[in-house]
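**Student:** I'd like to ask some things about the structure below.
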Amino acid sequence: MKARGAVFLGIVVLTGALAGCATMMGEQPTLYERLAARDFLPGGAERTVAGRDAIALVVDDFVANVVADNRINTRFKALKPADVNKVKSNLSDQICQAAGGPCSYMGRDMKTTHKGMKISDAEWNATVEALVKALARRKVPEAEQKELLGLLGPMKGEIVGQ
Ligand code: HEM
């Protein structure tokens with residue numbers, strides 16, 4: 001019995017040490033794995049969704065905010081509903097991929113997409129505001145909000161002033 005107890009304890013200690021090692025080696029869950037958002041169902045019920053579904057919900061609200069914002073919505077007025085759906089789907093794939101998820105962004109690169117638009121700093125800020133509002137409405141936790149903004153922030157140089 002004593003020997004078996006020692007073996008069991010040994011396995012527990014080893015498992016713990018290996019898990020600690022994995023953490024030290026940086027094998028933490030990706031942003032994609034940690035992303036969770038609230039889905040508001042008819043009748044007032046809510047459920048939590050994860051993964052690309054969570055991203056798609058945020059993107060839906062983000063685009064709705066952009067379209068409602070007079071500072072930036074003229075940029076999108078020429079897009080037909082099918083074009084808007086394409087932008088939404090591409091945005092979801094882009095964010096999913098950037099967050100370490102199993103998606104591939106198949107749209108144009110940011111420089112090419114926004115070339116000739118001469119997007120200003122003020123428009124950039126309004127767009128970030130629209131995204132933050134969407135993240136808050138979908139109750140994405142603050143740490144994940146920050147991390148996502150940290151992934152998109154470096155794209156500014158390829159989007160603004162092109
Ligand atoms: C973090 C910031 C941004 C990201 C990640 C982003 C990303 C994207 C993506 C993925 C597309 C679709 C590309 C494709 O379908 O090939 C797109 C299209 C577009 N973006 Fe942005 N964008 C950002 C900021 C902005 C800003 C600040 C504006 C202007 C206020 C803007 C205006 C547009 C327009 C007008 C289109 C449609 C272009 C077209 O299909 O003709 N974007 N963006």
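The values are calculated or read from the model by the stated rules, or taken from the named source; none is laboratory data. Source: prediction; values computed, not measured. Glycine gets a Cβ as well: all are built from the backbone with ideal geometry, and neighbour counts include every protein chain shown. When the accessible area is computed, the model is the full protein with side chains, heavy atoms only, and any ligands, DNA or RNA have been set aside. Shrake-Rupley method; radii C 1.70, N 1.55, O 1.52, S 1.80 Å.
**Student:** Tell me, what is the per residue accessible area of the range 35-159 in Å², probe radius 1.4 Å?
**Tutor:** 58
**Student:** In the range 35-159, what percent of the accessible surface is made up of carbon and sulfur (1.4 Å probe, ligands and nucleic acids excluded)?
**Tutor:** Roughly 57 percent of what the probe reaches on the range 35-159 is carbon or sulfur.
**Student:** What is the magnitude of the charge dipole of the range 35-159 about its Cα centre, with +1 placed on the Cβ of each Lys and Arg, -1 on the Cβ of each Asp and Glu, and no other charges, expressed in debye to the nearest 20?
**Tutor:** Charge dipole, the range 35-159, about its Cα centre: 360 debye, nearest 20.
**Student:** Using a simple spin-label model with points 7 Å from Cα along the Cα→Cβ vector, what separation in nm is obtained for Lys115 and Arg38?
**Tutor:** About 4.3 nm separates the two model spin labels.
**Student:** While we're here: As a quick test, which of the pairs Lys111/Lys156; Lys88/Lys133; Lys77/Lys156 have an alpha carbon distance above 19 angstrom in this structure?
**Tutor:** Cα-Cα > 19 Å for Lys77/Lys156; rest within.
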